[in-house]
1. Between 0 and 90 degrees, rounded to the nearest ten: what's the tilt of helix 221-231 against the longest Cα principal axis of the chain?
2. Expected output is a single nm value to one decimal: the length gained when fully extending between Thr60 and Arg12, i.e. 0.36 nm times separation in residues minus the C-alpha distance. What is it?
3. Label point 7 Å out from Val176 along Cα-to-Cβ: which residues of segment 189-206 have amide N under 18 Å?
4. Show log10 I(q)/I(0) for segment 102-146 at q = 0.21 Å⁻¹, two decimals, from a solvent-free Debye sum over equal Cα scatterers.
5. Set the Förster distance to 30 Å, then compute FRET efficiency between Ala275 and Leu104 from the Cβ-Cβ distance, nearest 0.05.
6. Under 10 Å, Cα contacts only: if you run a Gaussian network model on the chain, which one of Ala147, Ala16, Ala71 comes out with the highest mean-square fluctuation?
7. Leaving out same-chain residues fewer than 8 places away, which aspartates and glutamates sit with a Cα under 12 Å from that of Lys228?
8. By average Cβ neighbour count within 10 Å, what is the ranking of 206-217, 129-140 from highest down?
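Values quoted throughout were computed directly from the atomic coordinates according to the rules given, and no laboratory measurement underlies them. All of these numbers come straight from a predicted model, not from anything done at the bench. Here the Cβ positions follow ideal geometry from the backbone for every residue, glycine too, while neighbour counts run over all protein chains shown.
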Amino acid sequence: MTDDALIRYETRNGAAYLTIDSPHNRNAISQRLLADLRAGLERAAADDAARAVVLTHTGTTFCAGADLKEAASGAGSGASGPNGSGAGSGASGPNGSGAKSRTLAMIGAMRGIIECPKPVIAQIDGHVRAGGFGLIGACDFVFAGPAASFAVTEARIGVAPAMVSLVLLPHLPSRVASTLLLTGRRFDAAEAAGHGLITAAVADPAAAVAEQLAELRLCSPQGLRETKQILWHDVLRSFDERADSLGEQSARLFGSAESIEGITAFLQKRAPSWAEPLPAE
């Protein structure tokens, strides 16, 4: 990985630490970030000094979702704009070829986390929005601190959590999924833990991760690898069965008039046209 990579790599405490470091867009999901993440996962898989992988972040945001400036531009590759930030699923844009490449990149990143032969632990003490759930949903453990907050916000900009649903819905009861995905409301780490979206809400995520790593070091690499295959078998089967159709849905939605209005409103920091106040009684 290069010095300007958006994912920093470090091996310590018997684990490979992958740190999302894209401050210009609040760690939003861009093509470049996804490519760097895949490279980091491949490096970690081959790193004999690492028994597990820790996915963490710089700043106050773990992941802001899709880089909406990249999606709005229809860019198919490369870095995002200087002030881009995210709220979508990170898989598509209004441009056909760009939408397809972003879809494939997001699928590849989620599968890369799931198929990593070593347990992947998310260490979070910041905001997780929209497509960020595609990253934490694919992890084996998620520990979130008091500064963490969560929101599945795709519906608020006129799209849907299409790709991330593959790893988000298996963790949620259906009524909880309806409440969170149809409203886009924000919730804290304690509520996320109560719903099963994260492993635990903790006062010190780094300390919780260290304790988890100590337990994992008691397990053999083969045992961990084979157990992960059992745990994620059904989710990977759903990737094979549904990823293509969900990717097409995501591309269609991101190219729609409503999503263009929603993304434009988000970038302009205004309410979209459909967000009308309730009538006076």
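1. 40 degrees
2. Values: separation 48, 0.36 × 48 = 17.28 nm, distance 2.27 nm.
The span from Thr60 to Arg12 would gain 15.0 nm if fully extended.
3. Under cut-off, by backbone N: 189-202.
4. Computed log10 I(q)/I(0) values: -0.70.
5. In this case the efficiency is close to 0.40.
6. Fluctuation is largest for Ala147.
7. The reachable aspartates and glutamates, counting only those whose Cα sits under 12 Å from Lys228, are Glu115, Asp140.
8. Working: 206-217: 15.9, 129-140: 27.4.
Going by the mean number of other Cβ atoms within 10 Å, highest first, we get 129-140, 206-217.
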